[in-house]
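Novice: Let me give you the structure first, and then I'll get to my questions.
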Amino acid sequence: MNDENPIIIEMKDITKTYIVGLEHVHALRGINLKVRKNEYIAIMGPSGSGKSTLMNIIGCLDTPTTGLYLFNGMSVSDMDDNQLAKIRNKEIGFVFQTFNLLPRSNALHNVELPLIYANVYSQERKERAVRALNSVGLGDRIHHKPNELSGGQRQRVAIARALVNNPSIILADEPTGNLDSKTGEEIMQLFEELHQKGNTIILITHEEYIAEHAKRIIRLRDGLIESEEIFTTRKVMV
Amino acid sequence: MFSKLKESFFISISAILANKMRSFLTTLGIIIGVCSVVLMSTAIKGVDNSFQQGISSLGSDVLYIDKFAWFSSEEFWKMRNRPNITYEDYEKFKSLVNLPLAVAPQAISVRNIKFREKTAEAIFVTGSTTEYLETTNFSFKSGRFFSEIESESGRDVVVLGYDIAETLFGNIDPIGSIVKIGGFNYQVVGVLNKQGSNLLGAFNPDRQVYVPIKSLFRHFGLSWRSITIVVRAKNSQLLEETKIEAEQVMRQVRRLKAYESSDFSINQQEGLIQIYKNTVGVIQIGGLFITGLSLFVGAIGIMNIMFVSVKERTREIGIRKAIGATKRIIMAQFLMESSIISMIGGLIGLFFAIVLSYVIDQFIPTSVQISAVLIAIVISLLTGILSGLAPAYSAAKLDPVESLRYE
Ligand SMILES: Nc1ncnc2c1ncn2[C@@H]1O[C@H](COP(=O)(O)OP(=O)(O)OP(=O)(O)O)[C@@H](O)[C@H]1O
Ligand SMILES: [Mg+2]
């Protein structure tokens, strides 16, 4: 762990409260968090502890109720919709449990989409999308639609899409949750490689053996960080 | 920017194709709407054109001195008590006026005209003098108008309107042939070129014939009826002056005292245009409004289906937002979709309008013009955008987290 790496994410006393009818649901009660470049973090915790809520706030899909959130030193709470969209496009790569690919588009087009929104021109766009698909081992499936791919392959497409714009950070909310353990393990290998190449990764998981891939495990309970573990030595992988 | 638009375009096309039946049914409303609006506007244009054409054969610089006003608030029975305008009135009038280019009497009788076994029924037979020609813009297909001598001596010669000549003679040149007008023999001396439109009905010069007024009086004994004095000004700038002079001279002819009101009316084309606008114009606006309603219904159909589309694709919207689509992009995508649906409908509607206009052309001279094509494209585009606005906005403002969770 290199403490000299720049800080990408800094959170101070982040809370998130949902109002459902007359009831206030405190999903996050005061999160303090720093994430440096090239960290590999797993977030764990029981269901309803606020993992996804935290992830959505980190990914600028949602805004905190109170607290300070700096992304690359910029205050996210001061940003308007367009600036948030730009951050999501350029700086963040999402990987979801349910893949969330566009069903009518083939793998190539799904991966190209962030580049389209980033105004990258078609020639370069295609090259970069193909490169991203190659890097997740799907170079021979680029014209397949999601329903013509296996679950593992779909998640690879989603990872390629998350990677293609060279984001500052990759956020994965239970990326192996819909996969069998063997396929899940393959996906984790892929994250491992991405981390080796210098990417910053935060992933949510329920499984200890998945979390063990990470270098830092954050445990949430009732909207608070309950504990943190940092592993300086790498776990042995096959 | 371009690549985003292209993306929106292809997404829209694939969304439309993914629901072919639904898209088709939605388009149907626009097809019917655009088709009827285009047909209506071309029909209006057709009616206007033929009216203009017809009225121009009356001449914008021509006055008609009549016993009755064409349009008047005065009671009809009051005008009934006016003295008839006689041939003698005409002669006195003509000898006293200076300004007009031409002055001619006009008497009309309705008769059947026969050539061999062919008959044209209930034809307006206009009696006048040689000078009548100068009050019109007539041109001749063959032959000539009747001469001064023929006019003065009341010879039985006739000039045929284009349609009459066509009906009675077909392709044969009628000059020199004898036709029977109300049982009397007339020699054809001229045939007019096509002048007017179907709209003026019996008043259309194409369906009239012209004979010397004295001949008309002799055979059909109309001299006791009121005639019209047709007065043509030298040009339309002089029309007002000519009208003032005509009024004075006519009062002189009638020996009216200064305090007496005129016992005749001076009519002109303008009044006809006015009445046309007041009646036909209202009908036209009504027609456009009603056909516009069908377009409106079509627009509501699109709006409805766009709301459904937004609902169905909530998750897709969430995905797009998560990877960086701005509100504007989402908005553009749905506006594009509604516009494409509407444009497709518009083009199909236009196609049907063109086909149908050939059918309608049999009754009202219509043709779909470039302007109608533009109208169709513009209104369908506008309809698409307007009807897509609310659904597109509802899509753009969806919360990304909520929509990603949507099943
Ligand atoms: N949109 C919402 N409206 C109201 N309450 C919400 C909303 N989203 C989340 N919550 C509540 O916030 C709390 C945290 O939810 P969150 O989805 O972050 O949990 P999680 O840790 O991801 O759980 P899981 O492991 O089941 O995915 C839960 O109590 C949940 O009911
Ligand atoms: Mg969750």
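Novice: Residue B:104 - would you say it is of a type in the set (A, V, I, L, M) and in contact with an Asp or Glu (Cβ under 6 Å, 6 or more places away or on another chain)?
Specialist: Values: of a type in the set (A, V, I, L, M): yes; in contact with an Asp or Glu (Cβ under 6 Å, 6 or more places away or on another chain): yes.
Yes.
Residue-wise test of (1) open to solvent by less than 50 Å² (accessible area, probe 1.4 Å); (2) closer than 30 Å to residue B:352 by Cβ.
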{"position": "B:21", "(1), (2)": "no, yes"}
{"position": "B:25", "(1), (2)": "no, yes"}
{"position": "B:38", "(1), (2)": "yes, yes"}
{"position": "B:44", "(1), (2)": "yes, yes"}
{"position": "B:79", "(1), (2)": "yes, no"}
{"position": "B:87", "(1), (2)": "yes, no"}
{"position": "B:116", "(1), (2)": "no, no"}
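Novice: So which residues in the range A:134-151 are under 18 Å from residue A:175 (Cα atoms) and buried (at least 19 other Cβ atoms within 10 Å of the Cβ)?
Specialist: A:136, A:138, A:146, A:149
Novice: Now, a different point. Only one of (1) within 14 Å of chain B (Cβ to nearest Cβ); (2) open to solvent by 10 Å² or more (accessible area, probe 1.4 Å) is not met by residue A:131, so which one is it?
Specialist: Just one mismatch for residue A:131, condition (1).
Novice: How many residues does the range A:96-110 hold that are within 10 Å of chain B (Cβ to nearest Cβ) and aliphatic (A, V, I, L, M)?
Specialist: First, the residues of the range A:96-110 that are within 10 Å of chain B (Cβ to nearest Cβ): A:96, A:98-105, A:109-110.
From the residues that got through so far, the ones that are aliphatic (A, V, I, L, M) too are A:101-102.
Residues in the range A:96-110 being within 10 Å of chain B (Cβ to nearest Cβ) and aliphatic (A, V, I, L, M): 2 in total.
Novice: Being outside any helix (DSSP H, G or I), open to solvent by 40 Å² or more (accessible area, probe 1.4 Å) and under 19 Å from residue A:154 (Cβ atoms) is the filter here, so list the residues in the range A:171-230 that pass it.
Specialist: A:177, A:178, A:180
Novice: May I ask you to list the residues in the range A:114-128 that are more than 8 Å from chain B (Cβ to nearest Cβ) and within 21 Å of residue B:316 (Cβ to Cβ)? Break it down into steps so the answer makes sense when it comes.
Specialist: The first filter runs over the range A:114-128 and keeps only residues more than 8 Å from chain B (Cβ to nearest Cβ), leaving A:115, A:123-124, A:126-128.
Once the filter is applied, which keeps residues that are more than 8 Å from chain B (Cβ to nearest Cβ) and within 21 Å of residue B:316 (Cβ to Cβ), the range A:114-128 yields only A:115.
Novice: Hey, does the range A:146-162 have a residue that's farther than 25 Å from residue A:198 by Cα, more than 16 Å from ligand 1 (Cβ to nearest atom) and part of a loop (DSSP other than H, G, I, E, B)?
Specialist: Going residue by residue through the range A:146-162, those that are farther than 25 Å from residue A:198 by Cα are A:146-151.
Filter once more, so that each one left must be more than 16 Å from ligand 1 (Cβ to nearest atom): A:146-151.
Add one more test, that the residue is part of a loop (DSSP other than H, G, I, E, B), and what stays is A:149-150.
Within the range A:146-162, one or more residues are farther than 25 Å from residue A:198 by Cα, more than 16 Å from ligand 1 (Cβ to nearest atom) and part of a loop (DSSP other than H, G, I, E, B).
Novice: Out of all the residues in the range A:39-78, which are away from ligand 2 (no atom under 16 Å from the Cβ), within 13 Å of chain B (Cβ to nearest Cβ) and in contact with a Phe, Trp or Tyr (Cβ under 9 Å, 6 or more places away or on another chain)? Give the derivation first.
Specialist: Our first condition is that a residue be away from ligand 2 (no atom under 16 Å from the Cβ); within the range A:39-78, this holds for A:39-40, A:60, A:63-78.
Right, trim to within 13 Å of chain B (Cβ to nearest Cβ) and you get A:60, A:63-64.
Scanning the range A:39-78 gives A:60, A:63.
Novice: Then there is this: Scan the range B:305-328 for residues that are more than 14 Å from chain A (Cβ to nearest Cβ), open to solvent by less than 90 Å² (accessible area, probe 1.4 Å) and out of contact with any Gly (no Cβ under 8 Å at 6 or more places or on another chain) and report the count.
Specialist: The total comes to 4.
Novice: Filter the range A:35-51 for residues that are part of a loop (DSSP other than H, G, I, E, B) and more than 8 Å from ligand 1 (Cβ to nearest atom) and give the result.
Specialist: Taking the range A:35-51 first, the residues part of a loop (DSSP other than H, G, I, E, B) are A:37-39, A:45-50.
Scanning the range A:35-51 gives A:37, A:38, A:39.
Novice: Related question: So is residue A:11 away from every other protein chain (no Cβ under 12 Å), over 21 Å from residue B:317 (Cβ atoms), modelled with pLDDT of 95 or more and within 15 Å of ligand 2 (Cβ to nearest atom) or not?
Specialist: So residue A:11 does not fit the description; no.
Novice: Checking the structure you have, find out if any residue of the range A:79-96 is crowded, with 19+ Cβ neighbours inside 10 Å, free of Cβ contacts under 8 Å to residues at least 40 places away in the same chain and within 16 Å of ligand 2 (Cβ to nearest atom).
Specialist: no
Novice: Note down all Cβ pairs under 6 Å where the first residue falls in the range A:175-192 and is over 13 Å from residue A:40 (Cβ atoms), the second is open to solvent by 40 Å² or more (accessible area, probe 1.4 Å) and not β-branched (Val, Ile, Thr), and they're at least six residues apart or on different chains.
Specialist: Qualifying pairs under 6 Å: A:177/A:97; A:178/A:97.
Novice: May I pose another question? In the list B:398, B:335, which residue meets the criterion of being open to solvent by 10 Å² or more (accessible area, probe 1.4 Å) and within 13 Å of another protein chain (Cβ to nearest Cβ)? Give the derivation first.
Specialist: Numbers: B:335 fails: within 13 Å of another protein chain (Cβ to nearest Cβ).
Answer to the selection: B:398.
Novice: Go through A:155, A:196 for me and flag whichever is within 25 Å of residue A:61 (Cα to Cα) and either polar (S, T, N, Q) or within 16 Å of ligand 2 (Cβ to nearest atom) (or both). Walk me through it before giving the result.
Specialist: Details: A:196 fails: within 25 Å of residue A:61 (Cα to Cα).
Unique residue meeting the criteria: A:155.
Novice: Which ones in the range A:17-34 are surrounded by fewer than 21 Cβ atoms within 10 Å (Cβ to Cβ) and more than 7 Å from ligand 1 (Cβ to nearest atom)?
Specialist: First, pick out the residues of the range A:17-34 that are surrounded by fewer than 21 Cβ atoms within 10 Å (Cβ to Cβ): A:17-26, A:29-30, A:32-34.
Those that are surrounded by fewer than 21 Cβ atoms within 10 Å (Cβ to Cβ) and more than 7 Å from ligand 1 (Cβ to nearest atom): A:17, A:19, A:21, A:22, A:23, A:24, A:26, A:29, A:30, A:32, A:33, A:34.
Novice: Any residue in the range B:344-358 that is of a type in the set (A, V, I, L, M, F, W, C) and touching a Phe, Trp or Tyr at 6+ places or on another chain (Cβ under 6 Å)? Break it down stepwise before answering.
Specialist: First, pick out the residues of the range B:344-358 that are of a type in the set (A, V, I, L, M, F, W, C): B:344, B:347-348, B:350-356.
Filter once more, keeping what is touching a Phe, Trp or Tyr at 6+ places or on another chain (Cβ under 6 Å): none.
No, every residue in the range B:344-358 fails to be of a type in the set (A, V, I, L, M, F, W, C) and touching a Phe, Trp or Tyr at 6+ places or on another chain (Cβ under 6 Å).
Novice: Taking the conditions exactly as written (away from chain B (no Cβ under 11 Å) and either among the small types (Gly, Ala, Ser) or assigned to a strand (DSSP E or B) (or both)), does residue A:93 satisfy them or not?
Specialist: On the way: away from chain B (no Cβ under 11 Å): no; either among the small types (Gly, Ala, Ser) or assigned to a strand (DSSP E or B) (or both): yes.
Answer is no for this residue.
The values are calculated or read from the model by the stated rules, or taken from the named source; none is laboratory data. The structure displayed is predicted, hence computed values, not measured ones. Note that we place each Cβ from the backbone using ideal geometry, even for glycine, and neighbour counts take in every protein chain shown. The protein model used for the area step is the full one, side chains on, heavy atoms only, and it has no ligands, DNA or RNA in it. Shrake-Rupley method; radii C 1.70, N 1.55, O 1.52, S 1.80 Å.
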